[in-house]
């Protein structure tokens, strides 16, 4: 077993404060920016930033569906950490200034991968697939911020 990491980053044409507020809005914004791989999205408590608990199903493939129950913390301004209570999956979302009226947003997920040949395939194929999902999420976030 080893740590597997997937990450995607995009510079958005929006003030960092507006981006951070949108990322922290699990009740209204998050369900509108998640791609089709996320289903059954539900905020169980909270709804804004730290203290939020949300659940969803993540469809890694047609046969691999993960039930996620995440608790959100905010260890620093502009950083949200979603720790899945059902696995070792931890997703960190950061929004940092990238010049006037712009922000760099990064989504990074880590987890303890499988061992053996299954782990090899997981380390090989899961990160690029997640990068595509996160790139779509960031594009939808950019669209939301422009609207």
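Take residue 101 and tell me if it is outside any strand (DSSP E or B) and modelled with pLDDT of 95 or more.
Numbers: outside any strand (DSSP E or B): yes; modelled with pLDDT of 95 or more: yes.
Taking the combined requirement at face value, the residue satisfies it.
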key: Yes/no for residue 95 being touching a strand residue (DSSP E or B) at 6+ places or on another chain (Cβ under 6 Å), under 24 Å from residue 27 (Cβ atoms) and in a strand (DSSP E or B)   = yes
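Give the residue, chosen from 118, 113, that is modelled with pLDDT under 95, crowded, with 17+ Cβ neighbours inside 10 Å and farther than 15 Å from residue 26 by Cβ.
Result of the check over 118, 113: 113.
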ask   = Are there any pairs with C-beta distances below 6 angstrom linking a residue in region 14-28 that is farther than 14 Å from residue 72 by Cβ to a residue that is in a helix (DSSP H, G or I), with the two at least 6 apart or on different chains, and if so which?
value = 14/145
ask   = Among the residues of region 121-138, which ones are surrounded by 12 or more Cβ atoms within 10 Å (Cβ to Cβ) and either modelled with pLDDT of 70 or more or not in a helix (DSSP H, G or I) (or both)?
value = 126, 127, 129, 130, 131, 132, 133, 134, 135, 136, 137, 138
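The values are calculated or read from the model by the stated rules, or taken from the named source; none is laboratory data. This is a predicted model, so every value here is computed, not measured. So basically every Cβ, Gly included, is an ideal-geometry build from the backbone, and we count neighbours across all protein chains shown.
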